[in-house]
Amino acid sequence: MYFIHVTISALANTDVAILNWLNHHRIEVLDPFIQFITNTAYFFAIGVPVIMLIVGYSKKNKFIQFRGWYILFSILLAEIVSTILKYGINRTRPFKVYPFIDKLTAGGSPSFPSGHSTDAFVLFFAVVIVFKEWKYRLPVLIWALLVGYSRMALGVHYPTDVLGGFVIGTISPFILKNAVPRYKQQFN
């Protein structure tokens with residue numbers, strides 16, 4: 001039991017140390033850009049599949065429609081899991097616990113997992129499943145990594161919160177792909 005307590009304590013200390021370093025070693029002149037990136041998470045997560053659906057239905061393109069719905073449902077699944085965990089675990093935001101962490105953007109709900117990171121990574125992994133070309137994948141990957149970084153640099157999430165968002169964002173599209181027969185048949 002003592003070993004588990006020491007291990008958890010060491011992980012928590014590492015979590016805070018990484019956050020502190022990222023928060024205080026950011027390039028401050030880039031703060032507006034980092035705040036812009038963080039504010040795009042929800043917009044892109046919902047905007048990309050909605051635009052795909054609008055284009056798909058206006059062009060009567062079943063291929064685009066199907067993939068738009070798949071991305072949207074992947075995001076909704078990830079949001080549901082993230083919200084349940086967020087309020088079930090109810091982790092306090094780092095800037096409320098550690099006064100040396102600079103809070104540079106909004107962060108009101110519980111901390112774990114990062115909803116912004118969940119949205120960014122679920123969009124990326126859904127795009128990986130839907131599009132085989134890296135010309136679509138690479139910009140979304142770079143953006144998702146920047147969103148995850150932004151949540152820590154701006155002082156509103158621990159690294160493990162971002163990691164939790166990454167895990168949920170990774171798993172959700174794959175669960176949907178393999179659990180729903182229509183998606184399993186289409187993507188395999």
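The values are calculated or read from the model by the stated rules, or taken from the named source; none is laboratory data. All values derive from a computational prediction rather than experimental measurement. Reconstructed Cβ throughout: ideal geometry from the backbone, glycine too, with neighbour counts over all protein chains shown.
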Taking region 62-86 and keeping only residues that are among the hydrophobic types (A, V, I, L, M, F, W, C), over 14 Å from Pro49 (Cα atoms) and surrounded by fewer than 16 Cβ atoms within 10 Å (Cβ to Cβ), one is left with Ile80, Ile84
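Suppose the filter is touching a His at 6+ places or on another chain (Cβ under 9 Å) and closer than 30 Å to Arg67 by Cβ; does Pro139 pass it?
no
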Of the conditions (1) crowded, with 21+ Cβ neighbours inside 10 Å; (2) within 15 Å of Thr40 (Cα to Cα); (3) among the hydrophobic types (A, V, I, L, M, F, W, C), the single one that Val156 does not satisfy is (2)
Just to be sure before I move on: is Ala17 free of Cβ contacts under 8 Å to residues at least 12 places away in the same chain and aliphatic (A, V, I, L, M) in the structure I sent?
yes
The residue from Val162, Val167, Val156 that alone is in a helix (DSSP H, G or I), in contact with a helix residue (DSSP H, G or I) (Cβ under 8 Å, 6 or more places away or on another chain) and either closer than 19 Å to Arg93 by Cα or not charged (D, E, K, R) (or both) is Val162
Selection from region 63-99 of residues within 21 Å of Pro181 (Cβ to Cβ) and of a type in the set (Phe, Trp, Tyr) yields Phe63, Phe66, Trp69, Tyr70, Phe73
The one condition Ile34 fails out of (1) under 24 Å from Gly68 (Cβ atoms); (2) among the hydrophobic types (A, V, I, L, M, F, W, C); (3) surrounded by 15 or more Cβ atoms within 10 Å (Cβ to Cβ) is (1)
Counted residues in region 104-132 being closer than 18 Å to Phe43 by Cα and in a helix (DSSP H, G or I) come to 13
Margin query: Going residue by residue through region 12-23, is there one that turns out to be surrounded by 14 or more Cβ atoms within 10 Å (Cβ to Cβ), more than 19 Å from Val128 (Cβ to Cβ) and hydroxyl-bearing (Ser, Thr, Tyr)?
Written below: no
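Provide a single number: the residues in region 104-134 that are surrounded by 15 or more Cβ atoms within 10 Å (Cβ to Cβ), modelled with pLDDT under 90 and not polar (S, T, N, Q).
Residues of region 104-134 surrounded by 15 or more Cβ atoms within 10 Å (Cβ to Cβ): 104-105, 107, 110-130.
From what is left, the residues that are modelled with pLDDT under 90 are 104-105, 107.
In the following step, the residues that additionally are not polar (S, T, N, Q) were identified as 104, 107.
Count: 2.
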Of the residues in region 87-103, those that are part of a loop (DSSP other than H, G, I, E, B) and either surrounded by 22 or more Cβ atoms within 10 Å (Cβ to Cβ) or touching a His at 6+ places or on another chain (Cβ under 9 Å) (or both) come to Arg93, Phe100, Ile101, Asp102
